Amino acid sequence: MTTIRFPSGPTPGSVLGAAPDRAESAEAYRATGGYAGPADPAHGAAAAPPLPAELLDHLAASGLRGRGGAGFPVAVKLRAVRDRAGAPVVVANGEEGEPGSVKDRWLLRARPHLVLDGLAHAASITGAVRGYVYLSDPEAAVRVRRALAERPPPLPVEVVETGHSYVAGEETAVIRRIDGGPALPLAKPPRPFERGVGGAPTLVSNVETLARIALTAARPDLRERIARTTLVTLSGDRAEPVLAEVPYGVPLRTLAAAYGAPDAAGALMGGLFGGLVDRGALDLPLEPGALAAAGTALGCGAIRFLASDACPVSAAADALRHLAAESARQCGVCVSGTGAIRDAVDALAAGSADADTLTKLDRWSRGLLGRGACGLLDAAAGTAGSLLRAFPGLSEAHLRTPCPDCAATPPGDAGRRLAVAVPRVADGTPARTPLPALKGTP
Ligand code: SF4
């Protein structure tokens, strides 16, 4: 069971909102200042919502970055679509392929109006004439369709469902699926802002990003706080998974302790996108720039802490088994490269690796980066490289001595071990009992 925790109780400008375990109605959302609702003393909504150009200025000034994984500046992406010739399209992308992330599915289930309001604001800024909500979660689809019927948006919005996979949320896969094709990535360019849905300039935006656009429209006075706060999915070997909303800057070690893994030996960062980090790296702040400078990434905000007695080789093997199984098998270099990396790390875990395995892994981790049409091959190469960098002694030790933790981890269950369940979101009125706090976080 995945629980939802506030760091220190609900705050204005929060994506989690006041009652994250209940599906929010249009009326309840409007009471928070959404849909340009009236000022509410309880929520302190803005008296007059900003015009589209003003909102774009607020988003640029706040430095808001996308929350789908790449972390691209939101204002730059919006301007790129607005400035193209043609009738733009906007897409709310709720297909989260990272197995350790639940935030996007929770958001669509619990606060569909927040996402739809953000989509409408993105349409106003870019001049878009139609929109889509793209997802694979059936429960989220029901809630979004209900929200669209409850309060029709100012532009036509269609829900497009897809099958769940690691690559289905990649932005070119999104375009392809909406256009009636398979949800598989294509080589870039053209990028969606150049040629997207039906050939039109298209904004593909993560649903948490859209939620933060809507919150900024309602509370421009809180724009920096909204831009510098993020949803995280915390998981690991010992404690129950947690969905929380935390400010940038909080040390990873503080998050580990609050989650229930104070002695964590490291973490698998950003879903499978940020690779492995060791115990010392847990002193890093949860901040995209600082994490990138240290060679890792926040990605979609999924962090899997390694228990103090867990083997990082076993964790890397699970990640690589999952990535190899999820390869769309379109690019020859991905099919052979991801498979070869998986086999090499599997051999390390099984205690049957050749003496030159670490040399080969090092070569592949550098040489395969950027060679696939999407980020899956990069994630595989990055995971292997991070294992060698963060845990060099342990990797070498696996060449000599069989590892009991690896031996106790059945290879076939990798996807199940990495997966995190979406928190339960019920219909009806908000719970009276306050949700538990994620103790120790700001
Ligand atoms: S890199 Fe791999 S997963 Fe990505 S498009 Fe190519 S074959 Fe598919």
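Of all the residues in region 328-367, those that are open to solvent by less than 50 Å² (accessible area, probe 1.4 Å), more than 14 Å from the ligand (Cβ to nearest atom) and of a type outside the set (S, T, N, Q) number 11. Can you tell me which residue among P152, P192, P185 is under 29 Å from H58 (Cβ atoms) and open to solvent by less than 10 Å² (accessible area, probe 1.4 Å)? Criteria check complete, one pass: P192. Whenever a residue of region 46-68 is part of a helix (DSSP H, G or I), its partners that are of a type in the set (D, E), lying with C-beta atoms within less than 8 angstrom and at least six residues away or across chains, give the pairs S62/E224.
Annotation note: Cβ proximity below 8 Å between a residue of region 325-338 that is assigned by TED's automatic domain parsing to the domain that holds H164 and a residue that is within 7 Å of the ligand (Cβ to nearest atom) (sequence gap 6+ or interchain) occurs for no pair. The set of residues from region 368-388 being small (G, A, S) and more than 14 Å from the ligand (Cβ to nearest atom) comprises A384, G385, S386. Checked against (1) open to solvent by less than 10 Å² (accessible area, probe 1.4 Å); (2) within 25 Å of R304 (Cβ to Cβ), E98 passes all but a single condition, namely (1). Within region 326-337, the set of residues being within 20 Å of the chain's Cα centre (by Cα) and in a helix (DSSP H, G or I) comprises just one member, E326.
Identify, from the list C374, C311, the residue that is more than 24 Å from the chain's Cα centre (by Cα) and crowded, with 19+ Cβ neighbours inside 10 Å.
On the way: C374 fails: more than 24 Å from the chain's Cα centre (by Cα).
None of the others qualify; the one that does is C311.
The values are calculated or read from the model by the stated rules, or taken from the named source; none is laboratory data. This structure is a prediction, so every number in the text was calculated from the model and none was measured. Every residue, glycine among them, receives a Cβ derived from its backbone with ideal geometry; neighbour counts consider all protein chains shown. In case anyone asks, the SASA skips ligands and DNA or RNA and just uses the protein heavy atoms, side chains included. Shrake-Rupley method; radii C 1.70, N 1.55, O 1.52, S 1.80 Å.
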